[in-house]
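Before any comments, here is the structure.
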Amino acid sequence: MRNATIRQLQIFSVAASHLSFARAAENLHLTHAAISLQIKQLEEVSGTLLFERIGKRVFLTEAGEILLDHTRQILQSLKEADAALLALKGLKGGRIAVAVASTAEYFAPGLLAEFRRTQADVRIRLLIDNRDTVSRLLAGNEVDVAIMGRPPAELDAVAVSFAPHPLVIVASADHPLARHASVAIEDLAGETLIVRESGSGTRSAMEEFFQERSIKPRIGMEMGSNEAIKQAVVAGLGISFISQHTLGLELSAGRLVVLPVEGMPVMRRWFLVRHKSKRLTPALGAFWDFVLEFAPDYLKRLEHQAAGDK
């Protein structure tokens with residue numbers, strides 16, 4: 001393995017994480033042929049096959065799994081060495097990769113903007129996806145830290161709660177239930193629900209909510225984004241179980257209303273999560289401390305603005 005290049009290891013890590021040369025090519029902005037060539041050269045250097053194809057699916061061989069584990073350690077060590085050298089030189093810079101569960105995309109960019117005002121030299125890479133993908137990115141050491149709801153139980157992680165996360169049921173402003181002072185759980189049984197896709201933390205919380213009350217929701221539509229769900233609810237296509245932190249503009253404009261359903265809101269928590277083996281570089285440590293200190297009040301301000309408080 002002494003003749004393997006860092007670039008080959010980087011390409012291998014991405015291809016192994018996705019188990020797809022096509023996805024690796026897309027992420028790295030390379031051609032499929034370039035990915036295949038680099039993997040082939042790495043296999044020649046290692047003297048063994050790293051991938052095997054069974055039917056239409058690609059899998060890591062045992063050798064591939066072993067190399068992936070060492071590759072991630074090597075790439076992480078290089079990132080930490082870079083950050084340590086910057087700190088040694090007295091530079092304020094550094095790099096952090098932040099993954100954000102899609103429900104948090106409504107406040108995370110503003111939070112990052114506030115952080116950049118205090119640490120202008122830190123470069124940030126932001127990735128937004130559903131809970132399952134964010135968990136995979138953390139497990140694969142493809143990001144340094146994540147902002148998400150319930151941390152993945154299977155991940156050996158450091159997770160710190162930093163703010164409440166209310167989940168509510170919303171309807172269009174002219175929905176019949178919007179005029180009720182109180183809505184019983186049974187009143188929702190006949191309503192059409194517009195929901196997030198499987199793998200979303202909001203979807204899991206919704207399923208738990210109805211299961212605990214022995215109600216089988218009537219799911220009419222499944223969508224991959226909160227924005228699409230809100231527009232569908234505004235159009236009168238159904239109601240939705242959704243994070244209150246996604247509703248700022250629609251609530252303040254009076255296009256959506258939070259239904260006064262008994263037992264709501266369902267209170268969850270937002271978490272800041274990193275892999276247990278992840279070292280706190282100066283940049284990551286600054287970001288970690290900033291979120292824990294600044295985010296609670298920041299989210300409260302957003303909630304008050306959405307409610308129209310002065």
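The values are calculated or read from the model by the stated rules, or taken from the named source; none is laboratory data. Just so it is clear, the structure is predicted and the values come from calculations on it, not from any experiment. FYI the Cβ positions are ideal-geometry reconstructions off the backbone, even for glycines, and counts take in every protein chain you see. Side chains included, ligands, DNA and RNA excluded: accessible areas come from the protein's heavy atoms. Shrake-Rupley method; radii C 1.70, N 1.55, O 1.52, S 1.80 Å.
Straight-line reach from residue 278: which aspartates and glutamates have Cα under 17 Å away, leaving out those fewer than 8 places along the same chain?
Within reach: 69, 80, 82, 142, 144, 154, 156, 289.
Give the calculated FRET efficiency between residue 65 and residue 269 to the nearest 0.05, with a Förster radius of 25 Å applied to their Cβ-Cβ distance.
Working from the Cβ atoms, E equals 0.15.
Quick one: ranking 262, 293 by accessible area, 1.4 Å probe, largest first, what do you get?
293, 262
Run the accessible area of the range 1-142 with a 1.4 Å probe and give the carbon-and-sulfur part as a rounded percent.
53 percent
Which residue fluctuates most in the GNM of the chain (Cα springs below 10 Å): 105, 43, 154?
Comparing 105, 43, 154 in the GNM, the peak value goes to 154.
So how strong a dipole does the range 145-291 carry about its Cα centre when Lys and Arg Cβ are +1 and Asp and Glu Cβ are -1, to the nearest 20 debye?
The dipole of the range 145-291 has a size of about 460 debye.
Could you pull out every whole DSSP H run in the chain that spans at least 30 Å of Cα extent along its own axis and averages -0.5 or higher on the Kyte-Doolittle scale?
Sorted by number, the helices that extend far enough and score high enough are 62-88, 282-307.
Give the peptides 206-212, 265-271, 137-143 in descending order of average Cβ contacts within 10 Å, highest first.
Going from most to least packed, we get 137-143, 265-271, 206-212.
At a threshold of 8 angstrom on Cα-Cα distance, excluding pairs fewer than six apart, so keeping six or more, what relative contact order does the range 128-256 reach in percent?
It comes to 32 percent, rounded to a whole number.
Just to be sure I understand: of the beta bridges DSSP finds with both ends in the chain, what percent are antiparallel, rounded to 5?
55 percent
Could you check how much of the accessible area of the range 218-310 is carbon and sulfur, as a whole percent, using a 1.4 Å probe?
The value for the range 218-310 is 53 percent carbon and sulfur by accessible area.
Can you give me the accessible area per residue for the chain, using a 1.4 Å probe, in Å²?
51 Å²
For labels at residue 187 and residue 133 in the simple 7 Å Cα→Cβ model, what's the distance in nm?
3.7 nm
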